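The values are calculated or read from the model by the stated rules, or taken from the named source; none is laboratory data. Values in this document were obtained by computation on a predicted structure and should not be read as measured data. So basically every Cβ, Gly included, is an ideal-geometry build from the backbone, and we count neighbours across all protein chains shown. Only protein heavy atoms, including side chains, enter the accessible area calculation; ligands, DNA and RNA are left aside. Shrake-Rupley method; radii C 1.70, N 1.55, O 1.52, S 1.80 Å.
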Amino acid sequence: KTEKAKDPVAGCYMRVLQRDSFTARLERQGDRISGNLRFDNFEKDASSGPVTGVINDNIIRLIYTFQSEGMTSVMEVYFKTRGDDLIRGVGEMITKNDTLYFKNPDDVQYPANEKWRKLACDL
């Protein structure tokens, strides 16, 4: 029996943009993804919370439930896997009930400047 290969999606990721930093810690079981996201924004409120979702082909579709300014909010977050890194999806968002969704999920773009680099989780 060969040892199961380490899942390339599971792990920790970071994106730094000037003084803002964004981190993700993801775990995978089959096509299910879970973990945490954190957005540390300079001079703005940070947010953090759990994510759950699925991966299909190389697209990860997550629901991010987070605390910010003392309120709980929910929004969709998409990532595309590219090598060891993730590219965050951007697109027009709409609010349904208390959740922010992509208006046209098929039109979500994955620009190169939205790259989150994989790194060791102990950093």
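For the chain, which whole-number percentage of the solvent-accessible area (1.4 Å probe, protein heavy atoms only) is attributable to carbon and sulfur atoms?
Percent of accessible area from carbon and sulfur atoms in the chain: 46.
Compute the distance in nm between two label points, each set 7 Å from the Cα along the Cα-to-Cβ direction, one at residue 99 and one at residue 72.
1.4
Given 20 °C and 1.002 mPa s, how large is the Stokes-Einstein diffusion coefficient of the chain in µm²/s, with Rh as the Kirkwood radius over Cα pairs?
Value of D from the Cα-based Kirkwood radius: 142 µm²/s.
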